[in-house]
Amino acid sequence: MKRPAVFLDRDGTLNVSPDHYLTSLDDFEPIPGAFEAVGRLTAAGWPVAVVTNQGCLGRGLVERAEVDRIHAECERLAARHGGRFDGFYVCPDPPEAPTDRRKPEPGMLLEAARDHGYDRFRSYMIGDSERDLLAGRAAGATSLLVLTGHGAGVRAAGRHPAGLTFPTVAEAVDWILRR
């Protein structure tokens, strides 16, 4: 039987979004409460996967090994709070050469759902950008906006329901766990 999951964007959702690209673990700054929220999801039996556009790879601004180091830090921080990730789905394609995996397309979410047996229609996508929300909807998930990262600008544009908008990923996770 397929199970619902939570898909998480990375930059602006789990960690502070840099002005351009996060290209070094030295610049990684977790958003307060984000990894504790992953721990709460895991404790409640929710599988979690990260889906992240990383056009910096396709542009040659960072090596895959550095992106993997950043994801290892995410795993370490989540584990400190009892959390775990089923996987990190990374799209290296730059914005000027989009593919069906690059958000706002749903490819990474669909891939994660196939790999782990997720019921995408009962799942949630949490992110800070319109492309995160669109990818979640295209995959059949319920999209939740967080106001960290670029989220405040998305909210100001008025294209996402207020009832599915939260200050941070921690509050979005609390909402999921109360349902």
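All of the numbers you see were taken from the coordinates with simple rules; none came from a lab. Here the structure is a predicted model, which means the values were calculated and not measured. Using ideal geometry, Cβ is built from the backbone for each residue, glycine included, and neighbour counts are taken over all protein chains shown.
Residues whose amide H falls under 5 Å from that of residue 166, counting only those 5 or more places apart or on a different chain, are 145, 146, 147, with hydrogens built in the peptide plane. For region 6-178, the relative contact order works out to 24 percent when only alpha carbon pairs closer than 8 Å and six or more residues apart are counted. Taking region 29-49 and a reference point 7 angstrom along Cα→Cβ of residue 174, the backbone N atoms nearer than 16 Å belong to 32-41.
Highest-first packing order for the peptide set 19-28, 167-176 is 167-176, 19-28, based on the mean count of other beta carbon atoms within 10 Å. Other residues whose C-beta falls under 10 angstrom from the C-beta of residue 18 contribute a net charge of -4, scoring Lys and Arg +1 and Asp and Glu -1.
Among beta bridges identified by DSSP and lying wholly in region 6-178, the antiparallel ones come to about 5 percent.
Under conditions of 4 °C and 1.567 mPa s, the chain yields 82 µm² s⁻¹ as its translational diffusion coefficient, taking Rh as the Kirkwood radius over Cα pairs in the Stokes-Einstein equation. Label zone of residue 24 (point 7 Å out along Cα→Cβ, amide N under 15 Å): in region 70-95 this covers 70. Along region 141-148 the Karplus relation, 6.51 cos²θ - 1.76 cosθ + 1.60 evaluated at θ = phi - 60°, assigns HN-Hα couplings of 8, 8, 8, 10, 8, 10, 8, 6 Hz to successive residues, with x for each Gly and Pro.
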